[in-house]
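One structure below.
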Amino acid sequence: MKKILAAAVVNALMCSTALAVEVTYASGITGDGVRVFQELVKPWEEETGNKAVLVPMPSSTTDQFGQYRLWLAAGNKDIDLYQTDVIWAPQLADHFVDLSEVATDIAEQNFPSIIESQTVDGKLVALPLFTDAPALFYRKDLLEKHGEDVPETWEELTETAKRIQDAERAEGNKELWGYVWQANAYEGLTCNALELIKSYGGGQIVEPDGSISVNNEKAAAALNLAATWPGNISPEGVLAYKEEEARGVWQTGKAVFMRNWPYAYHLGNGEDSEVAGKFSVAPLPSGEKGGSSAATLGGWNVAVSKYSERQEAAISLATYLAGPEAQKRRALLASNLPTLEALYDDAEIAEQQPIIPQWKEVFMQAVPRPSAPTKSAYNEVSSKFWNAVHNTLSGKATAEENLEILELDLEEMKGSGW
Ligand code: GLC
């Protein structure tokens, strides 16, 4: 009798877990990300009866990576899904479930290069949720008022920003700055500096064939120009800015230009934004007049932990979030760029978030960070790079000196096999 009762209890428990599984989802949060997450998972929760619990993380990708690496190395069972940066796949691949079989039709709807970026030794490590490529946000009203054009080169940006800043301050707009961007010592600075260097024809730090190219004159010229910005057209504090700090200054109307990712488009047009309706976006400036502009390729994916005890439900949530319904909702709610090609022809998206169809070309030509050629060493390579850049920007030696030291460090890392 006891046995039967015990079996019945176990059975009931199993049924109830089968009915309602709670999966945890770790993700960095920017802007109204908590609300967006809840909106996104709602249809999945209603359909499956399961629950998706957000584990909110700091918005810095570098901070997330540090924490996730520790959790995964310890085989953490508490987190079922991780929202992963496009650069992490080679480093974290071993800890995630292979999604290639469960997501064949989603994979086919994606841009092939994005699927490739999440594939490591034939294993699909994570499913793309959205891609990313930065924009130059500019204040239409201020440019018009001062008779200025959208700058085409970084030199022009420096000059235009300064002229408007000076003229506005003379009129009493004392807190206005010309240009806000991300110069904190973290992954975001790698993105800002890579695209700047690339636009000057200075390569992409480590080339796809593994050769270390970063110590060159063009790269140094690009960084030396950027070193004139803090305290001049950018606040001194920019050396500690990440995306959200730049957006904070921008949204209170205190900057003429901002470099940021498309998520800032929707937030900038939000009800609590002082710049709603007053700005537009353009591709980032180029190194030379008539030269080409460069944008660092970003993007976020969802991975299922190998240590999860709720893998089935976790996979179901991952495929839902990566699919067309959720990607469209995400595009409308957060102006994130879809990874599914068809959504670039979606009329509703084009009407509500015009940056999305406009940014198709920009992200398709975006420059990847060297995470593929440097494999498990990428984070260290990137941190050496952002430190060299940060030292340059904060006046600790010239770009030439810092890039020379960086090259030696990278050669050494490569020599010991990255
Ligand atoms: C954005 C990009 C991501 C990048 C990060 C840097 O979130 O999508 O790929 O690493 O910015 O701060």
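The values are calculated or read from the model by the stated rules, or taken from the named source; none is laboratory data. Keep in mind that what you see is a predicted model, and the values were worked out from it rather than measured. When we count neighbours, we look across all protein chains shown, and the Cβ atoms used for this are built from the backbone with ideal geometry, even at glycine. In case anyone asks, the SASA skips ligands and DNA or RNA and just uses the protein heavy atoms, side chains included. Shrake-Rupley method; radii C 1.70, N 1.55, O 1.52, S 1.80 Å.
Counting alpha carbon pairs within less than 8 Å and at least 6 residues apart, what relative contact order, in whole percent, applies to the range 232-380? Present the calculation step by step, with values, prior to reporting the outcome.
Values: 122 pairs, mean separation 30.1, N = 149.
Result for the range 232-380 is 20 percent.
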- Query: Using 7 Å Cα-to-Cβ label points, what is the Glu400/Asp94 separation (nm, one decimal)?
  - Reply: 4.3 nm
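Ignoring any ligand, DNA or RNA, what whole percent of the accessible area of the chain comes from carbon and sulfur when the probe is 1.4 angstrom? Each step should come with its number before you reach the end.
Working: 9150 of 17720 Å².
That share works out to 52 percent.
Please report, in debye to the nearest 20, how large the charge dipole of the chain is about its Cα centre when each Lys and Arg carries +1 at its beta carbon and each Asp and Glu carries -1 there.
So the magnitude is around 940 debye.
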- Task: Mind giving me the nanometre distance, one decimal, between the label points for Lys278 and Glu325, set 7 Å out from Cα along Cα→Cβ?
- Result: 4.0 nm
- Scan around Phe279 for amide H atoms under 5 Å from its own, H built in the peptide plane at 1.01 Å from N, and keep only partners 5 or more places away or cross-chain. Lys140
- accessible surface per residue for the chain, probe 1.4 Å, DNA/RNA/ligands not counted, whole Å² -> 42 Å²
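Let's test the formula: R0 of 51 Å, r as the Cβ-Cβ distance of Glu412 and Glu351. What FRET efficiency results, to the nearest 0.05?
Numbers: r = 53 Å, r/R0 = 1.03.
Efficiency computed from Cβ-Cβ geometry: 0.45.
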- Taking the Cβ of Leu157 as the centre, find all other residues whose Cβ is under 14 Å away and add up their charges (Lys, Arg: +1; Asp, Glu: -1). -3
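Which sequence of Thr104, Thr158 reflects their accessible areas, 1.4 Å probe, from the largest down?
Working: Thr104 80, Thr158 20 Å².
Ranking Thr104, Thr158 by accessible area, largest first, yields Thr104, Thr158.
Take every DSSP beta bridge with both residues inside the chain and express the antiparallel ones as a percent of the total, to the nearest 5. Intermediate values should be presented prior to the final figure.
On the way: 25 of 40 bridges.
Beta bridges within the chain, antiparallel portion: roughly 60 percent.
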- Query: Once you charge only the Cβ atoms, +1 for Lys and Arg and -1 for Asp and Glu, what is the size of the charge dipole of the range 298-339 about its Cα centre, to the nearest 20 debye?
  - Reply: 120 debye
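Contour minus end-to-end for Glu22 and His146, with contour as 0.36 nm per residue of separation and end-to-end as the Cα-Cα distance? Please list the in-between numbers first.
Details: separation 124, 0.36 × 124 = 44.64 nm, distance 5.53 nm.
Extra length available between Glu22 and His146 comes to 39.1 nm.
Classify the range 273-406 as rounded, prolate or oblate, taking a ≥ b ≥ c as the square roots of the eigenvalues of its Cα gyration tensor: rounded when a/c is under 1.5, otherwise prolate if a/b is larger than b/c and oblate if not. Can you show the working numbers first?
Numbers: a/c = 2.41, a/b = 1.28, b/c = 1.88.
Oblate is the answer for the range 273-406, as a/c is 1.5 or above yet b/c matches or exceeds a/b.
Add +1 for every Lys or Arg and -1 for every Asp or Glu among the other residues with Cβ under 13 Å from the Cβ of Asn110, and state the total. Mind dumping the intermediate values first?
Details: positive: none; negative: Asp105, Glu108, Glu116, Glu341.
Residues near Asn110 contribute -4 overall.
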- Taking trypsin sites (Lys or Arg not before Pro) as exposed when DSSP calls them loop (any state but H, G, I, E, B) and at most 12 other Cβ atoms lie within 10 Å, what is the longest stretch of the chain free of them, the sites themselves excluded? 1-173
- R0 of 45 Å, Cβ-Cβ distance Asp78-Glu175: FRET efficiency to nearest 0.05: 0.55
- Ranking Val275, Val34 from most to least accessible area with a 1.4 Å probe gives Val34, Val275
- Item | Neighbourhood net charge (14 Å Cβ-Cβ; Lys/Arg +1, Asp/Glu -1) for Leu403 | -4
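Expressed as a rounded percentage, what relative contact order does the chain have, with Cα pairs under 8 Å and six or more residues apart?
Numbers: 744 pairs, mean separation 101.3, N = 418.
Relative contact order here is 24 percent.
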- When the charge dipole of the chain is computed with +1 on Lys and Arg Cβ and -1 on Asp and Glu Cβ about the Cα centre, the Cα farthest towards its positive end, among Pro134, Gly210, Gln91, belongs to Gln91
